[in-house]
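The values are calculated or read from the model by the stated rules, or taken from the named source; none is laboratory data. Computed from a predicted model, the values in this text were never measured in an experiment. Using ideal geometry, Cβ is built from the backbone for each residue, glycine included, and neighbour counts are taken over all protein chains shown. All accessible areas refer to the heavy atoms of the entire protein, side chains included, with ligands and DNA or RNA removed. Shrake-Rupley method; radii C 1.70, N 1.55, O 1.52, S 1.80 Å.
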Amino acid sequence: MSTGAHRDLVGPVKIERPLVLGGRQHPFFPALDHGAGSVTLRTAGLDAQPDEMILWQHDGSPEENRLIYQWMCERPASWRLWARVAHLFDGQVLHVLIVVSVRAEAQVRADAEEQARAAAEERRILHDEIELFTLDRKGRKPGLSLESGDESEPFFVMRFTERWERDRVMDWLKWQEDRFHGFRDLVEREEALALERLILAGMRETEHDIKARGLSGGGRRPLRFWRGE
């Protein structure tokens with residue numbers, strides 16, 4: 001049975017109560033009393049007693065009253081049971097059945113939201129970290145990779161025929177850490193080949209500059225002693 005919110009006036013006080021499917025009034029129903037600042041369980045008026053009777057009442061903050069009222073409205077199958085409990089026992093039993101349950105569910109939701117926010121923040125922080133690795137697995141060509149902290153696979157892998165070729169590129173690439181995010185953006189925007197071309201072009205340009213300044217380490221790895229200056 002679905003319910004919807006309905007505002008009505010009972011005497012001078014504005015009362016918000018649910019309407020059941022088809023507009024029929026249930027004999028027992030929750031109500032949000034804006035004037036009294038409370039959420040209540042009521043019984044509908046009868047011919048012999050036309051006024052509504054309050055079976056149970058909780059005085060909380062406007063926010064908590066709204067939350068409890070909505071929670072009660074979502075459970076019309078329980079209204080008759082709650083009325084019977086209110087008749088047989090004192091209000092503390094309904095307080096446990098309703099208010100404590102609502103608060104517990106709200107806390108679970110709040111905890112889940114906080115955990116989700118913490119997990120998202122952790123992923124953001126990890127995603128911001130990019131590490132450079134050398135690859136020397138047996139049976140595979142030597143290589144290097146760039147990997148985001150929140151991923152299990154690298155976003156860029158570069159393979160070489162000889163290890164010294166990889167080390168030559170590493171001599172330049174390890175000093176480009178401040179450009180790693182731009183490298184990742186390039187791979188995402190275009191492809192890994194575009195980044196490979198950029199790396200090789202940057203390395204060769206730096207090698208040419210170092211040689212022209214007479215600072216080359218010589219041999220196959222002219223940037224071996226270069227420190228990114």
Next item on the list: Identify, among Ala106, His95, Leu81, the residue whose Cα sits farthest towards the positive end of the charge dipole of the chain, taking +1 on the Cβ of Lys and Arg and -1 on the Cβ of Asp and Glu, with the dipole about the Cα centre.
Entry: Ala106
Check: For segment 42-182, which whole-number percentage of the solvent-accessible area (1.4 Å probe, protein heavy atoms only) is attributable to carbon and sulfur atoms?
Finding: 51
Checklist line | Loop sites in segment 83-129: GluC sites (Glu not before Pro), DSSP, at most 16 other Cβ within 10 Å | finding: Glu129
Next item on the list: Would you list which aspartates and glutamates come within 17 Å of Lys141, measuring only between C-alpha atoms, while excluding same-chain residues fewer than 8 positions from it?
Entry: Glu162, Glu165, Asp167, Glu196
Margin query: Keeping every protein chain present and rolling a 1.4 Å probe, give me the accessible area per residue for segment 90-229 in Å².
Written below: 65
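State the volume of the convex hull built on the alpha-carbon positions of the chain, expressed per residue in Å³ and rounded to an integer.
Spelled out: Cα convex hull of the chain, divided by residues, is 233 Å³.
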Next item on the list: For segment 122-135, take each phi angle, set θ = phi - 60°, evaluate the Karplus expression 6.51 cos²θ - 1.76 cosθ + 1.60, and give the result in whole Hz per residue in order, putting x for glycine and proline.
Entry: 5, 4, 4, 5, 5, 5, 6, 8, 10, 10, 9, 10, 9, 10
Next item on the list: Let me know the volume per residue of the alpha-carbon convex hull for segment 85-177, in Å³.
Entry: 114
Next item on the list: Note down the magnitude of the dipole of segment 26-98 about its Cα centre, charges +1 on Lys and Arg C-beta and -1 on Asp and Glu C-beta and zero elsewhere, to the nearest 20 debye.
Entry: 280
Check: How large is the helix-only mean residue ellipticity at 222 nm for the chain, computed as the sum of -39500 (n - 2.57) over DSSP H runs with n ≥ 4, divided by its residue count, in deg cm²/dmol to the nearest 500?
Finding: -13500 deg cm²/dmol
Notebook entry, point to check: Residue-wise, which Karplus ³J(HN,Hα) couplings in Hz belong to segment 93-100, taking 6.51 cos²θ - 1.76 cosθ + 1.60, θ = phi - 60°, and x for glycine or proline?
Noted result: 5, 5, 4, 5, 5, 10, 5, 4
Next item on the list: Leaving ligands, DNA and RNA out of it, work out the accessible area of Thr161 with a 1.4 Å probe and give it in Å² to the nearest 10.
Entry: 100
Margin query: At 1.4 Å probe size, put Phe133, Phe29, Phe155 in order of accessible surface, largest to smallest.
Written below: Phe133, Phe155, Phe29
Margin query: Please list, ordered by chain and number, the residues whose modelled amide H lies under 5 Å from the amide H of Gly217; skip anything fewer than 5 residues away on the same chain.
Written below: Leu223, Arg224, Phe225
